[in-house]
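Engineer: One structure coming up, written as structure tokens, with questions to follow.
The values are calculated or read from the model by the stated rules, or taken from the named source; none is laboratory data. All values reported here derive from a predicted model rather than from experimental measurement. Methodologically, a virtual Cβ is constructed for each residue, glycine included, from the backbone with ideal geometry; neighbour enumeration extends over all protein chains shown.
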């Protein structure tokens with residue numbers, strides 16, 4: 001019972017600090033806006049281009065994998081037709097190919113995951129930098145992600161503005 005009361009007091013204390021900070025920012029003639037970070041990330045043209053690159057690399061890896069699987073299948077078919085003398089050597093070759101396939105799968109998956117994570121980090125940094133620039137230029141005290149906003153006026157949503165800024169900058173860089 002006592003810990004429940006302590007927890008409630010702690011929550012009220014933290015809420016009052018947050019509300020006080022937000023109130024102070026607003027009272028200091030601060031502007032507050034929100035934006036949908038997920039939409040910006042997904043609709044940013046650079047994200048789309050890098051996703052296509054990753055998809056192409058994944059397809060190339062799948063083609064390589066399919067060749068390895070075909071080799072294994074061919075060896076297994078040959079194994080069935082062999083006499084007992086040659087089966088042991090053929091089975092060793094099959095086992096080696098299967099290990100090579102497993103290593104290839106793991107390495108390909110890890111490389112594509114690392115590349116995707118690096119890409120996401122790079123894009124999120126660009127988005128963050130653009131949000132900082134817009135916030136400073138337009139005098140915002142706070143720009144929140146829409147996931148943390150329970151209510152916000154449509155006019156305070158910077159999603160499309162930030163997305164346009166990013167896509168325009170990306171288009172200029174591609175030329």
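Engineer: Collect the residues in segment 130-149 that are assigned to a loop (DSSP other than H, G, I, E, B) and farther than 15 Å from residue 37 by Cα, keeping them in residue-number order.
Structural biologist: 138, 139
Okay, residues lined up against (1) over 30 Å from residue 43 (Cβ atoms); (2) loosely packed, with under 11 Cβ neighbours inside 10 Å; (3) under 18 Å from the mean Cα position of the chain (by Cα); (4) at pLDDT below 95:
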| site | (1), (2), (3), (4) |
| --- | --- |
| 74 | yes, no, no, yes |
| 77 | yes, yes, no, yes |
| 81 | yes, yes, no, yes |
| 93 | yes, no, no, yes |
| 121 | no, yes, yes, no |
| 129 | no, no, yes, no |
| 141 | no, no, no, yes |
| 151 | no, yes, no, yes |
| 171 | no, no, no, yes |
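Engineer: Would you confirm whether any residue within segment 105-115 is more than 23 Å from the chain's Cα centre (by Cα), more than 21 Å from residue 164 (Cβ to Cβ) and surrounded by 12 or more Cβ atoms within 10 Å (Cβ to Cβ)?
Structural biologist: No, segment 105-115 has no match at all.
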